[in-house]
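J.: First the structure, then my questions, so here it is.
The values are calculated or read from the model by the stated rules, or taken from the named source; none is laboratory data. Being a predicted model, the structure only gives us computed values, none of them experimental. Note: ideal-geometry Cβ built from the backbone for every residue, glycine included; neighbour counts use all protein chains shown. Accessible surface areas use protein heavy atoms only, side chains included; no ligands, DNA or RNA. Shrake-Rupley method; radii C 1.70, N 1.55, O 1.52, S 1.80 Å.
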Amino acid sequence: MGGGVILASRSTQRRAILEQLGVAFRVEAPEVEELTGGDPRRLVRENALRKARAVAHSGSAASDRVLGADTAVVLDGHAFGKPRDESEAETFLRRLSGRTHEVMSGIALREPDGAERSDVAVTRVRFRRLEPPDLAWYLATEEWRERAGAYAIQGRGAALVEEIEGDYWNVVGLPVPLLVALVGP
């Protein structure tokens, strides 16, 4: 990813992934109202586009690419965003317990000339069956805060996961193979 890149996200996980890849970037948190309902695939793609467009239109991105991203945990066609509180986090985790869900991330790349490319990555994640002590332990970590689906696979949430099928980085928050494909040669 040559040239300047602006990450239109508050996510520390997305920052860490770009740093690991050696991408030069700066962060500009978007001020945008995110969609919360409807088809999950459309939802994450549209939210990623909204974030990229909001930062691109802020005026400070005139000569830079803008990268927007949005992630949702999807179970039975329903998107779980970030839990509002511990009670909702527990509800999410109970519903995910012993089941396979999908993590969908929409990413959007907006060029300085206004051209846009976007796509969605999907990774399947199977949770082990969570017993009450497992739930109490994980909720007490408070790692669930600000996490789609109420868990962080790159942290203690790894203990909740039995298996994944697809891109691990997508579950963390930024699908690397899809990003590389969107950036192109």
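J.: Restrict the check to the stretch 83-101 and report whether at least one residue is modelled with pLDDT of 95 or more, part of a strand (DSSP E or B) and of a type in the set (Ser, Thr, Tyr).
T.: yes
J.: Could you say which residue among Arg117, Arg53 is basic (Lys, Arg), in a helix (DSSP H, G or I), touching a strand residue (DSSP E or B) at 6+ places or on another chain (Cβ under 7 Å) and open to solvent by 20 Å² or more (accessible area, probe 1.4 Å)?
T.: Sole residue among the options that is basic (Lys, Arg), in a helix (DSSP H, G or I), touching a strand residue (DSSP E or B) at 6+ places or on another chain (Cβ under 7 Å) and open to solvent by 20 Å² or more (accessible area, probe 1.4 Å): Arg53.
J.: Let me ask something additional. Test of understanding: among Glu88, Glu143, Glu111, Glu165, which residue is open to solvent by less than 80 Å² (accessible area, probe 1.4 Å) and under 20 Å from Val44 (Cα atoms)? Spell out the reasoning first.
T.: On the way: Glu88 fails: under 20 Å from Val44 (Cα atoms); Glu143 fails: under 20 Å from Val44 (Cα atoms); Glu165 fails: open to solvent by less than 80 Å² (accessible area, probe 1.4 Å).
When all the criteria are applied, what remains is Glu111.
J.: Separate question: Within the group Ser97, Ser9, Ser63, which residue is touching a residue at least 12 places away in the same chain (Cβ under 8 Å) and crowded, with 21+ Cβ neighbours inside 10 Å?
T.: Ser9 is the lone residue from the list that is touching a residue at least 12 places away in the same chain (Cβ under 8 Å) and crowded, with 21+ Cβ neighbours inside 10 Å.
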